[in-house]
1. Where residues in segment 47-84 are touching a helix residue (DSSP H, G or I) at 6+ places or on another chain (Cβ under 9 Å) and of a type in the set (D, E, K, R), which of them is nearest to Glu230 (Cα to Cα)?
2. I need the full set of residues from segment 55-81 which are crowded, with 20+ Cβ neighbours inside 10 Å and among the hydrophobic types (A, V, I, L, M, F, W, C), in order please.
3. Does Ser43 count as among the small types (Gly, Ala, Ser), in contact with a strand residue (DSSP E or B) (Cβ under 9 Å, 6 or more places away or on another chain), closer than 19 Å to Ala237 by Cα and more than 9 Å from the ligand (Cβ to nearest atom)?
4. Could you say whether any residue in segment 89-96 is under 30 Å from Trp180 (Cα atoms), surrounded by 19 or more Cβ atoms within 10 Å (Cβ to Cβ) and in contact with a His (Cβ under 8 Å, 6 or more places away or on another chain)?
5. Quick one: in segment 14-32, which of the residues that are touching a residue at least 24 places away in the same chain (Cβ under 8 Å) and within 11 Å of the ligand (Cβ to nearest atom) is surrounded by the fewest Cβ atoms within 10 Å (Cβ to Cβ)?
6. Any residue in segment 63-74 that is at pLDDT 95 or above and not in a loop (DSSP other than H, G, I, E, B)?
7. Which residue, of Leu35, Leu52, is within 9 Å of the ligand (Cβ to nearest atom) and modelled with pLDDT of 95 or more?
8. Pairs only if they're at least six apart or on different chains, beta carbon under 9 angstrom, first in segment 194-222 and in the same structural domain as Arg178 (by TED's automatic domain parsing) and within 11 Å of Gly122 (Cα to Cα), second surrounded by 16 or more Cβ atoms within 10 Å (Cβ to Cβ) and of a type in the set (Asp, Glu); list them, first residue then second.
Amino acid sequence: MVESDSVVLDVATGTGLIAISTAKLLERSGRVVALDISSAMISKAEEKAEALGLSNITFLVADVEDVTFDDASFDSILSASAIPYLQDVKATFGKFSSWLRPGGRFVFNTPQSPMFAASDIGHRVLADVCGLDLLDAAHEVGDVSRVKNLLLSVGFKDVEVPDTFVMKDTSPEAFAERMWKSTTGFAMTPVDAVLSEQQLEGVKEKYIIALTEEGKRLQVGGDIVNPYNELFVIAHA
Ligand SMILES: C[S@@+](CC[C@H](N)C(=O)[O-])C[C@H]1O[C@@H](n2cnc3c(N)ncnc32)[C@H](O)[C@@H]1O
């Protein structure tokens, strides 16, 4: 996907996972600008790039919502697992569209909305049992037509959402167990950290019942195809 002489921006690079593999793909003829708001993340990424002898990455500690680049600075903008952290998604996507050269691509993944729960069941049960109203951080981007409209509204010419990452379960019970584990074990839905054991038990009981019912509803033939997963989005400037 990335041409060898490309200039690529990796937004919210973390410890450089994507930036480093992109820099390797580009070898010496292309280069990567890797930015993250966290200096600790960038230090780690720099350490990794240095150990690999990569000289075609520039690291930058910056909030992508504040930083500016010249128009048409990049051939591609990549961002893995970071877009839901943005405060003003529309404004930031608008900047990406101008930072890309015409024909350039912005590629990112995002959880589908509602986020990290099998449909809105988790949110409903939490509201019911503990009065918690969890933020659905993927609301603006985690839906195919919403994300397409958003990107087109800030100047992207064409948007593809070629695939959703689909998981299958073999029974409604297995589906319910897996979704419970992914909801409680994930840092952005820290229910196990904030609820008392008693509250957690109450939530789990209701959640498993509701998810098992949802699993039965979703079952087609033998498998349950869970539609609440990741979107991969490619927007063309
Ligand atoms: C889940 S990590 C993903 C890191 C990396 N892309 C990966 O896939 O391994 C999210 C990253 O987003 C960064 N981040 C969050 N908000 C940001 C912002 N406004 N500007 C730049 N980086 C940001 C965090 O510091 C963190 O490193």
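1. Looking at the filtered set, the residue picked out is Glu65.
2. Result: Ile57, Phe59, Val64, Phe74, Ile77, Leu78.
3. no
4. Checked segment 89-96: no residue is under 30 Å from Trp180 (Cα atoms), surrounded by 19 or more Cβ atoms within 10 Å (Cβ to Cβ) and in contact with a His (Cβ under 8 Å, 6 or more places away or on another chain).
5. Among residues in segment 14-32 that are touching a residue at least 24 places away in the same chain (Cβ under 8 Å) and within 11 Å of the ligand (Cβ to nearest atom), the one surrounded by the fewest Cβ atoms within 10 Å (Cβ to Cβ) is Leu17.
6. Looking through segment 63-74, at least one residue is at pLDDT 95 or above and not in a loop (DSSP other than H, G, I, E, B).
7. Leu35
8. Taking only residues 6 or more apart or on different chains, the pairs are Ile208/Glu177; Leu211/Glu177.
The values are calculated or read from the model by the stated rules, or taken from the named source; none is laboratory data. Owing to the predicted nature of the structure, the values given are computational and were not obtained by experimental measurement. A quick note on method: Cβ atoms are made from the backbone with ideal geometry, for glycine too, and the neighbour counts reach across all protein chains shown.
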